[in-house]
Amino acid sequence: MIKTHDDFPGVEWIDGTGDFIRVNSSKCTGCGNCMKVCLGDCWEIVDQKAQIKTLATCMECASCWYVCDAGAVDFSWPKGGTGYRSDWG
Amino acid sequence: MEDFYDVVVIGAGFGGSAAAKKCADAGLKTLMIERSENVGDKVISGLTIPIYGFLFGPDFIRDGNPPFERPTDGIINYIIYDIDAGDMDIDDTLRVPRPFSPVVTFGYNTYCKPFCEWQARKAVDAGSELRTSTTVVDIIKDNGMVSGVVLEDGSRIRSKIVIDAEGSQGILAVKAGIRKKYPPEAISLADTYDYVMDKKDLDRILGYSLRFCWGWDEQKIAPPLGHGNGLMVWPYRNSVHFMQDHCLRLDGNKVPNLKKRFQEYHDNITTKLPLWKEEIAPRCHVRARMWEGFEIYVGLDPELKKMSNHDDGIILIGDAAGLESTELCDGVPAAWFSADIAADVAIEAIRAGNTRKDFLKKYDDRIKDHPIIQWSISSRNRYNLRYAQEKHDKRLLKKYVHYAWGMGQLTHSLTPILKMTFRFIKKDPAIVTKWIKMYFRYYQNWLHESYDYTESRNRIIDPGRPKTGEAVFKILVGGQDLILKILAPIIKLLAIPAFYLSIIANPAMKILLPVMRPVYKILRVPLSPLGNWLSDKVVRFVDRADPSLFEVTPGQSIISQKGSINLKKD
Ligand SMILES: Cc1cc2nc3c(=O)[nH]c(=O)nc-3n(C[C@H](O)[C@H](O)[C@H](O)COP(=O)(O)OP(=O)(O)OC[C@H]3O[C@@H](n4cnc5c(N)ncnc54)[C@H](O)[C@@H]3O)c2cc1C
C-alpha cells in the first residue's frame with residue numbers, strides 16, 4: 001500500500017519496509033540527538049531512551065545514525081521497492 | 001545456483017549507471033542492482049550539474065540528449081546583512097555573459113529521477129541488466145577478496161568486480177570495513193521544497209540564474225555561515241527548488257534542532273526577501289518537500305579524505321567514495337568522472353585477470369590525478385565563511401562570497417578546468433567540435449523538451465525555415481573540425497605544454513581580476529543591447545534549426561527502439 005503525509009507533499013511511502021532502523025536501548029544514552037535532526041518526526045524519548053515513533057515519514061537520510069555517538073542506532077535500508085519515493089527530487 | 005557476472009554495480013544513481021554502461025559497452029556481463037522500485041525514486045538533489053561534468057564526463061552523456069529542466073547561466077548571490085532594513089549586497093559576477101548565454105551555459109538544472117532513468121536506459125541499451133526493488137545487504141568476501149553481493153532474500157550474486165555506487169551513507173562499505181561512518185560535522189542535511197510556477201513567470205523573474213542567499217547567523221535567513229551549503233533557489237522549467245542545508249553537528253559538539261531551524265529560515269526568507277515575497281510567493285504553490293544528507297566536508301578532513309576507495313575486488317565511486325564537492329556542492333560530475341575511471345580500471349583488471357587491490361590502485365591514482373575532483377572536494381571557500389561570521393565583517397563576507405561564487409571563482413577553478421581541457425584536446429583535438437555541438441544540441445533539447453526516448457525527438461522540422469544560419473553553422477563548425485583534424489598532430493603536441501602551463505592560470509587570474517572586474521562592470525552596460533540582440537538571434541536559430549546539425553553521430557535523432565523499456569522490473 002502507498003501512503004502520503006500532509007506535511008510532506010509530493011512524497012509517497014510504500015508499505016513493507018520492515019524495521020530498518022533499530023535502537024539498542026542498552027547503548028542509548030537518551031541524549032535526543034536523533035530526535036533533533038529528524039525532519040520526519042520519527043523519534044521520541046521514553047524513560048530517557050530513544051524510541052522510534054514511526055517509520056512512516058522517514059526519508060532514509062540516516063541523520064539519526066550519523067549523530068548517535070553512542071552507536072545505539074542501527075541503520076539499514078528498507079526492503080527493496082519499499083519506503084519513500086518521489087518524482088521531484 | 002548463484003548468478004555470475006563480470007561486474008555487479010550497486011546502485012543505479014548518477015554514478016552507477018554511467019559505470020554499468022561503459023562496462024556493458026566493453027562486452028562485460030554487467031548487472032546493476034537498485035533498491036528503489038523505479039530508478040531515481042530515492043535520489044534527491046538540487047540540482048545543477050556544472051558544465052564541467054558534461055564536458056569531461058562520460059562520452060554518452062556529452063554526445064547524447066539527456067532530460068533537462070533548464071540551462072543555467074550562473075549565480076546571483078544575495079549577501080544579506082539586515083533583511084528587515086533591506087541592507088544587502090548583490091554579487092552577480094559569476095555569470096556567462098550574453099551573447100554566449102543561454103546557449104553556452106554554466107550548467108544544467110534537472111530533476112534526478114528522469115536523468116537517472118535516462119542514464120539507466122542507456123546502460124540497459126548497452127546490454128547491462130538491471131534489477132530494481134532489490135536491496136544489497138552485504139558484500140561477499142572470500143579470504144578478504146570481494147567476490148559478489150548478498151541480496152535481502154539471502155541469495156548471492158557472484159562477480160569478478162563489484163562497483164559500489166551506493167551513495168553517501170556508504171552503509172555497505174562501512175559494514176565491509178572498507179570505510180568508516182562519517183562524523184556528523186562532515187554531513188549536511190538538505191531540506192528541499194519543490195514549488196510549481198508558470199514558465200513565463202519563471203523566465204521573467206529568475207531567468208537562467210541560480211540564487212544563493214548568505215546572511216549573518218543572527219538574521220536566521222539561512223543556515224549558519226560555513227556550517228552547510230547555505231540557502232539556494234533553482235529555477236526549473238515550470239518549478240522552483242528551494243534548498244537549505246545544515247551540518248548535523250556544529251562546533252562545540254552541538255547537534256542543532258534542525259526541524260525548528262529549517263522552519264525558521266524558510267519562513268524568514270520566503271516572507272522577507274523581496275524577490276520571494278513579492279515576485280515568487282504570489283505565483284507559486286508547493287508541490288513537494290523532501291530531504292537528504294550529503295558529505296559536504298569529507299574532502300577537507302585529511303583522515304576522512306584518506307579513507308580507501310577500493311579493495312580486493314571492489315571499487316567505490318561517487319558519493320560512496322566521498323567525492324561530493326564542497327566547492328559548489330555538486331556531486332554529480334565527480335560521480336560521473338569516477339564512474340568512467342572505475343569502469344576503465346574494471347575492464348583493464350578483468351582483461352588482465354587481476355582484480356586485486358594492487359591492480360585496482362590505478363583507480364585511486366587516477367582519482368588523485370583528476371584536477372577537477374581534487375579541486376572541488378578540497379576547496380575551503382565554504383568553510384571559511386565561518387571566519388567572516390566570527391569577525392562579523394561585511395567586507396570579509398562580501399569578499400569570501402565573491403571569491404567562491406562570484407567572478408573570484410576563476411582564481412581557483414581556472415587551472416583545474418584548463419588542465420582537463422588540454423588533457424582532452426591532447427587525446428583528440430576534434431573534441432572541441434563535440435563540445436560546441438553539445439551546447440547547441442542541449443539548448444535545442446531544452447527548448448523542445450526533446451531528449452532521448454521522447455516522441456518529440458522525431459518532431460517535424462519546418463521545411464520553410466530560414467536556412468542561412470544553418471549554412472553558416474555548417475561552414476564554421478565543419479571548417480573548424482576540418483582544421484582541428486588536419487592540425488591534430490601539432491595541436492596534440494601543443495596541448496602538452498599548455499596542460500603544464502595551466503598551473504599559472506589561477507595565480508594569473510588573481511593579478512588580472514582586479515583589472516577585469518571594473519572593465520567588466522563598465523563594459524557590460526553599453527554592450528548589453530548588442531549581446532542581447534545577438535543572443536536572441538542565436539536562440540531563434542537553434543529553435544528552428546534541423547537537429548541533425550547538432551548531432552555528433554548522424555541518425556541519433558531517431559527515437560530508440562528500446563524507448564519503451566520497462567525500468568520498473570528486472
Ligand atoms: C539535497 C542535495 C542537493 C544536491 N545538489 C547537487 C547539485 O546541485 N549538483 C550536483 O552535481 N550534485 C548535487 N548533489 C549531490 C548529488 O546528488 C550526488 O553527488 C550524486 O547523486 C551522487 O551520485 P552517486 O551515484 O554516487 O549516488 P546516488 O545518485 O545517491 O545513487 C545511489 C543509488 O544507490 C541506490 N542504493 C543505495 N544503497 C543500495 C543498496 N544497498 N542496494 C541497492 N541499491 C542501493 C540508491 O537507491 C540510489 O539510487 C546534491 C545532493 C543532495 C542530497
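The values are calculated or read from the model by the stated rules, or taken from the named source; none is laboratory data. All of these numbers come straight from a predicted model, not from anything done at the bench. Glycine gets a Cβ as well: all are built from the backbone with ideal geometry, and neighbour counts include every protein chain shown. Remember, those area values only see protein heavy atoms, side chains included, never the ligands or the DNA or RNA. Shrake-Rupley method; radii C 1.70, N 1.55, O 1.52, S 1.80 Å.
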Mean separation of Cα contacts under 8 Å, 6 or more apart, over the residue count of chain B: relative contact order % | 19
Mean separation of Cα contacts under 8 Å (at least 6 apart) over the residue count of the range A:14-79, i.e. the relative contact order in percent, is 44
Each residue of A:60-73 has, on average, a number of other protein chain C-beta atoms within 10 Å of its C-beta equal to 6
Can you tell me the dipole magnitude for the range B:284-382 around its Cα centre, using point charges on the Cβ only (Lys, Arg +1; Asp, Glu -1), in Debye to the nearest 20?
-> 100
Cα-based Kirkwood hydrodynamic radius, chain B, one decimal, Å | 24.7
Hey, got the dipole for the protein assembly as shown? About the Cα centre, +1 on K and R Cβ, -1 on D and E Cβ, debye to the nearest 20?
-> 1740
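Please give the charge dipole size of the range B:420-565, origin at the Cα centre, charges +1 on K and R Cβ atoms and -1 on D and E Cβ atoms. Round to the nearest 20 debye.
In debye, rounded to 20, the range B:420-565 gives about 520.
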Charge-dipole axis of the range B:411-550 as Lys and Arg at +1 and Asp and Glu at -1 on Cβ define it, positive-most pick from B:Ser450, B:Ile490, B:Val472 | B:Ile490
Compute the projected area of the convex hull of the Cα atoms of the range B:242-365, averaged over all viewing directions, and report it in nm² to one decimal place.
-> 10.8
What's the average, rounded to a whole number, of partner chain beta-carbon atoms within 10 Å of each residue's beta-carbon in A:2-11?
-> 3
Going by average Cβ neighbours within 10 Å, how do the peptides B:67-74, B:298-305 rank, with the highest at the top?
-> B:67-74, B:298-305
Flagged as over-length at 31 Å C-alpha distance, from B:Lys305/B:Lys434; B:Lys277/B:Lys510; B:Lys362/B:Lys398; B:Lys199/B:Lys305; B:Lys42/B:Lys398; B:Lys22/B:Lys113, the pairs are B:Lys305/B:Lys434; B:Lys277/B:Lys510; B:Lys362/B:Lys398; B:Lys199/B:Lys305; B:Lys42/B:Lys398
Ranked from highest to lowest mean number of other Cβ atoms within 10 Å per residue, what is the order of the peptides B:514-527, B:370-383?
-> B:370-383, B:514-527
Between the residues B:Cys116, B:Val345, B:Ala126, the Cα farthest towards the positive end of the dipole of the protein assembly as shown, that dipole coming from +1 and -1 charges on the beta-carbon of Lys, Arg, Asp and Glu, is from B:Val345
Disulfide-incompatible cysteines by the Cβ rule (no partner under 4.7 Å) in chain A | A:Cys28, A:Cys31, A:Cys38, A:Cys42, A:Cys58, A:Cys61, A:Cys68
Estimated [θ] at 222 nm from DSSP helical runs (n ≥ 4, -39500 (n - 2.57)) normalised by residues in chain B, nearest 500 | -13500 deg cm²/dmol
Leaving ligands, DNA and RNA out of it, report the carbon-plus-sulfur percent of the accessible area of the protein assembly as shown at a 1.4 Å probe.
-> 56
Looking only at Cα atoms, what is the convex hull volume of the range A:14-79 per residue, in Å³?
-> 75
Mind ranking B:495-506, B:399-410, B:22-33 by how tightly packed they are, going by the mean number of other C-beta atoms within 10 angstrom, highest first?
-> B:22-33, B:399-410, B:495-506
Calculate, axis by axis, the spread of Cα positions in the protein assembly as shown along the three principal axes, and write the results as whole Å, longest axis first.
-> 75, 66, 47
Provide a whole-number value for the mean count of partner chain Cβ atoms within 10 Å of the Cβ atoms in peptide B:251-258.
-> 4
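Compute the Rg/Rh shape ratio of the range B:411-550: radius of gyration over Kirkwood radius, all on alpha-carbon atoms.
Values: Rg = 18.9 Å, Rh = 18.1 Å.
Taking Rg over the Kirkwood Rh, I get 1.05.
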For the protein assembly as shown, build the charge dipole from Cβ charges (+1 Lys, Arg; -1 Asp, Glu) around the Cα centre, then report which of B:Ala186, B:Ala24, B:Tyr520 sits farthest towards its positive end.
-> B:Tyr520
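Quick one: compute the contact order of the range B:32-168, relative version, from alpha carbon pairs under 8 angstrom and 6+ residues apart, as a percent. All intermediate terms of the calculation are to be shown ahead of the outcome.
Numbers: 201 pairs, mean separation 40.0, N = 137.
The value is 29 percent.
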With θ set to phi - 60° and the Karplus curve 6.51 cos²θ - 1.76 cosθ + 1.60, what are the ³J(HN,Hα) couplings of the range B:539-545 in order, to the nearest whole Hz, using x for Gly and Pro?
-> 4, 4, 5, 5, 4, 9, 5
